[in-house]
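Heads up, the thing below is written out as structure tokens.
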Amino acid sequence: MSEILYSQQNEKPTSGVAVRRLAYSDLPAVIAVERRSFPTPWSLAMFVLELSKPSGICLAASEGDDLLGYVICSRYDQVWHLMNIAVAPDHRRRGVAWSLMTRLVEEARGVLPFTLEVRVSNRKAIDMYERFGFRSAGVRPRYYHDNGEDALIMWLD
Ligand SMILES: CC(C)(COP(=O)(O)OP(=O)(O)OC[C@H]1O[C@@H](n2cnc3c(N)ncnc32)[C@H](O)[C@@H]1OP(=O)(O)O)[C@@H](O)C(=O)NCCC(=O)NCCS
């Protein structure tokens, strides 16, 4: 388990927060955060499927016994697809997501780009991705079935 300290450029401490591989035993806590984070949360089966892929990178941020957040990333042929990231509402704006993203990019170590889709209304997440270096590359119209919202497609090269 390794400790990630918040980068100087962000000037927010995440002392006490550890980033490590997500385990099946984390899934009950993951589901609890997921349900508080999304209007259409992933099912347990979706997390199990992602965890079972040997090429994927699934990380947890924890503090003591508490799971603060997670990121799920799948490897496709020539691209990393960031599938899901969430932080427990009580622990947001502490740099937890930034620590997860930083570790994800370290673990992916390579030349392949990252891509993701995000709801066009999700300004918080878009701000974070832009600060992290992601750039917008178009829209997928009516991508989200629950409300017909468009997805912004973002890339990090
Ligand atoms: C998006 C999310 C993961 C960010 O997690 P977080 O741990 O709070 O993010 P961080 O503290 O690491 O913030 C990193 C940067 O992201 C941006 N950001 C994070 N929360 C923000 C907010 N509420 N408003 C505006 N910008 C925000 C900022 O640029 C921030 O840096 P700053 O605090 O120095 O300004 C979190 O808000 C969340 O879980 N949201 C619900 C789930 C979700 O929408 N996931 C993304 C799906 S694509």
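The values are calculated or read from the model by the stated rules, or taken from the named source; none is laboratory data. As the structure is a computational prediction, the values presented were derived from the model and not from experiment. FYI the Cβ positions are ideal-geometry reconstructions off the backbone, even for glycines, and counts take in every protein chain you see. The area values use the complete protein model at the heavy-atom level, side chains included, leaving out ligands, DNA and RNA. Shrake-Rupley method; radii C 1.70, N 1.55, O 1.52, S 1.80 Å.
Among the numbered criteria (1) more than 8 Å from the ligand (Cβ to nearest atom); (2) closer than 27 Å to ALA32 by Cβ; (3) not in a strand (DSSP E or B), which single criterion is violated by ILE72?
So the condition that ILE72 fails would be (3).
Report, by residue number, each residue of segment 47-56 that is open to solvent by 40 Å² or more (accessible area, probe 1.4 Å) and closer than 17 Å to TYR76 by Cα.
Answer for segment 47-56, where residues must be open to solvent by 40 Å² or more (accessible area, probe 1.4 Å) and closer than 17 Å to TYR76 by Cα: LEU49, SER52, LYS53, PRO54, SER55.
Write out, first by first residue and then by second, each pair whose Cβ atoms fall under 7 Å of each other, whose residues are 6+ apart or on separate chains, and whose first residue, in segment 114-127, is of a type in the set (Lys, Arg) and modelled with pLDDT of 95 or more while the second is more than 6 Å from the ligand (Cβ to nearest atom) and not in a loop (DSSP other than H, G, I, E, B).
Qualifying pairs under 7 Å: ARG119/ALA151.
Pick from segment 10-28 the residues that are in a loop (DSSP other than H, G, I, E, B) and touching a Lys or Arg at 6+ places or on another chain (Cβ under 9 Å): which of them is modelled with the lowest pLDDT?
By that ranking, first place goes to ASN10.
Any residue at all in segment 127-136 that is of a type in the set (A, V, I, L, M) and more than 11 Å from the ligand (Cβ to nearest atom)?
no
Please determine, by comparing only the residues of segment 85-123 that are outside any helix (DSSP H, G or I), hydrophobic (A, V, I, L, M, F, W, C) and near the ligand (Cβ under 8 Å from one of its atoms), which one is surrounded by the fewest Cβ atoms within 10 Å (Cβ to Cβ). Explain how you work it out, then say what you get.
Of the residues in segment 85-123, the ones outside any helix (DSSP H, G or I) are 85-88, 92-95, 109-122.
If we keep only those that are hydrophobic (A, V, I, L, M, F, W, C) as well, we get 85-88, 111-112, 114, 116, 118, 120.
Okay, now just the ones that are also near the ligand (Cβ under 8 Å from one of its atoms), so 85-88, 116, 118.
Values: ILE85: 22, ALA86: 24, VAL87: 23, ALA88: 18, LEU116: 20, VAL118: 21.
Filtering first and then ranking leaves ALA88.
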